[in-house]
Structure formats: structure tokens, C-alpha cells
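The values are calculated or read from the model by the stated rules, or taken from the named source; none is laboratory data. Worth saying up front: this structure is predicted, and the values here are computed from it rather than measured. Because the Cβ atoms are built from the backbone with ideal geometry, glycine has one as well, and the counts that use them run over all protein chains shown. These accessible areas exclude ligands, DNA and RNA; they are computed on the full protein's heavy atoms, side chains included. Shrake-Rupley method; radii C 1.70, N 1.55, O 1.52, S 1.80 Å.
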Amino acid sequence: PPTTDVEEVADAINAVWREYEASQIAGDPDRWIQLWADDGVQLPPGNPPVVGKEAIFARASANMDASEVNKFVIANEDVEVNGDLAFARGNYEVTVTPKSGGDSMDIDGKYMTIFRRQPDGSWKIYRDIFNSSTP
């Protein structure tokens, strides 16, 4: 049967976060979108919900076209597991530089992400909400 061991699931989620960071820094939206469930929903600050993998991909691609990610660090503060769903809460730090020129921006914030276990046992991002703590 699938594990509900919180430590094991937290390790799997941390592996997703490491790939999330690396694909953002690489500017590779095709690689990044593989971390998402097909029916994922992203709730970015100050914007309407982004529903479905195609819409999430389009938004991420536009962001990666506009800015270079120089640093991305995601750290869980809390992980809870309930069957095939896992809830991760934590903080992030990112540094981005506009590709059109200009100064780099350091952003830190917090997130609440729900992961869903896939039929193959892997975990994918299912629901994601985040916001900056930077004024």
C-alpha cells in the first residue's frame, strides 16, 4: 500500500522542490511543468486563478521569457499527509533579473501547496498558493 509516512512524503516533496528550483534557474518551462498534475490550479497573488496544466505552462513560459531566475530556494516549514494528498507550507526566496535590462529583484515569500499522489506513487503539485513578503 502507498506510504503515509510523513518523513518519506516530505522527502519526496523536497525532491519536487529541488527540481522546481533547478528548472526555474535553467529557464526551462517544459521541465518545470512536469512537476504539475494535469488538473493543477495555481493561485498567484493579484491575479485570477490559473486553472489546468496548459494555462499554468503558458503563464510560467511568459514569466521565464521575461525574467532570468538567478536564485530560487524553497524550504518546507510543515508537511502533513492525508491519504493521497499532502500539504506543504513554507517559505521561498528568489532573485530575478528582467531580460530587458534593469536591476535584479530579491523576493521572499510564503506558500501553501497541496500535492497529490499519482498512480505511479510520485507526488505532483495539485494546488498552489503563494505570496510575497516583500513590499
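Computed from point charges on the beta carbon alone (+1 for Lys and Arg, -1 for Asp and Glu), the dipole magnitude for the chain about its Cα centre is near 340 Debye. For the stretch 35-135, with all protein chains present and a 1.4 Å probe, just round the carbon and sulfur fraction of the accessible area to a whole percent. Answer for the stretch 35-135 is 52 percent, counting heavy atoms of protein chains only.
About its Cα centre, the stretch 1-43 has a charge dipole of approximately 160 debye under the convention of +1 per Lys or Arg Cβ and -1 per Asp or Glu Cβ, with nothing else charged. The count of lysine pairs in the chain with alpha-carbon distances below 23 Å, taking only pairs 8 or more places apart or on different chains, stands at 6.
The residue list Ile25, Tyr92, Val50 was ranked by how far each Cα lies along the charge dipole of the chain toward its positive end, using unit charges on Cβ atoms, and Val50 comes out on top.
Rounded to the nearest 5, what is the percent of antiparallel bridges among the DSSP beta bridges in the chain?
90
Each Lys or Arg adds one and each Asp or Glu subtracts one; over the other residues with Cβ under 13 Å from the Cβ of Arg89, this totals -2. Note on exposure: Thr97, Thr113, Thr134, Thr4 ranked by accessible area (1.4 Å probe, complete protein assembly) read Thr4, Thr134, Thr97, Thr113, with the most exposed listed first. Using a probe of 1.4 angstrom and keeping all protein chains present, the accessible surface of the chain works out to 55 square angstrom per residue. Extending 7 Å from Cα along the Cβ direction at Met112 and again at Asn70 yields two label points whose distance is 3.3 nm. The residues neighbouring Pro44, those whose beta-carbon lies less than 12 Å from its own, together hold a net charge of 0 under the Lys/Arg +1, Asp/Glu -1 convention.
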